[in-house]
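**Student:** Please read through the structure below; I'll follow up with questions.
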Amino acid sequence: MQNKIDISKYNTLIFDFGGVIIDIDFSLTEKMFAHFGVENIDINFFNDREDGGLFDRFERGLISPAVFRAEMRKKIPQKISDKEFDEAWNALLLEIPHHRISILEQLKETHTCILLSNSNQIHYDYYRQKLEDKYSYQKFSDLFHYTYFSHEIALRKPYPDIYEKVAKDLDLSASKVLFMDDMLANIEGAENSVGWNTILWQDKDLRDFAL
């Protein structure tokens, strides 16, 4: 049995979204594009987040969904409608399991809960609607005390300025913070820039907390 995660020594819990709160599978986006006739897509192409590149600018909210789709169409010459593009782009987003919502509701009573996510407008619109439809939460700020989405603040993990902003905004004491993310680069970014305690969230679930 996996050891339970002791959160009693922290007063602030900071969660990544994809891979921590919502389940994701990048290969499903690749398969959905293929379903719409866009062949030979390498999933690593969609997961490329090079600083200053197309995905980086989209995740920082520096370009609109329309511009993003137009730029992507230059890379995928097969014709695909906006609706088909968004369906394929969102295919990687799976479910937010009910037990995670219940645990977050419990944690909000005992800890300051923060959502810190690299995201983009197309994904955000999709999973925010799913959250409302399934759990009747109209916005993520109803579930967390504070939310930081990269496309809303023009900052993105793993770069230091996003962690520094959160730490300064909320006057956080690093020793009392636990940050959870499924990407090693994001974990290292938080440790190196603001000294947060971290957990690399792989093969873990919120049920692993010692509540």
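The values are calculated or read from the model by the stated rules, or taken from the named source; none is laboratory data. Only a predicted model underlies this, so the values are computations on that prediction, with no experimental measurement involved. Don't worry about glycine lacking a Cβ; one is built from the backbone with ideal geometry, like all the others, and counts go over all protein chains shown.
**Student:** Tell me which residues, restricted to the stretch 179-211, are within 15 Å of ILE114 (Cβ to Cβ) and crowded, with 20+ Cβ neighbours inside 10 Å.
**Tutor:** First, the residues of the stretch 179-211 that are within 15 Å of ILE114 (Cβ to Cβ): 179-181, 186, 190, 194, 196-199, 201, 206.
Scanning the stretch 179-211 gives PHE179, MET180, ASP181, ASN186, ALA190, TRP196, TRP201, LEU206.
**Student:** For the stretch 73-117, give me each residue that is over 23 Å from ILE22 (Cβ atoms) and either among the hydroxyl-bearing types (Ser, Thr, Tyr) or assigned to a loop (DSSP other than H, G, I, E, B) (or both).
**Tutor:** ILE76, PRO77, GLN78, LYS79, ILE80, SER81
**Student:** Quick one: which of ASP142, ASP133, ASP56 is more than 19 Å from VAL38 (Cα to Cα), assigned by TED's automatic domain parsing to the domain that holds ILE41 and not small (Gly, Ala, Ser)?
**Tutor:** So the residue among ASP142, ASP133, ASP56 that is more than 19 Å from VAL38 (Cα to Cα), assigned by TED's automatic domain parsing to the domain that holds ILE41 and not small (Gly, Ala, Ser) is ASP56.
**Student:** Let me ask another. Among the residues of the stretch 60-72, what is the count of those that are outside any loop (DSSP other than H, G, I, E, B) and at pLDDT 95 or above?
**Tutor:** 3
**Student:** Scanning for something at pLDDT 95 or above, closer than 22 Å to GLY61 by Cα and surrounded by fewer than 18 Cβ atoms within 10 Å (Cβ to Cβ), does the stretch 90-107 turn up at least one residue?
**Tutor:** Yes, the conditions are met somewhere in the stretch 90-107.
**Student:** Looking at this structure, is TYR137 without any contact (Cβ under 8 Å) to a residue 60 or more places away in the chain and aromatic (Phe, Trp, Tyr)?
**Tutor:** Answer is yes for this residue.
**Student:** While we're here: Out of all the residues in the stretch 73-84, is one or more in contact with a helix residue (DSSP H, G or I) (Cβ under 7 Å, 6 or more places away or on another chain) and among the hydroxyl-bearing types (Ser, Thr, Tyr)?
**Tutor:** no
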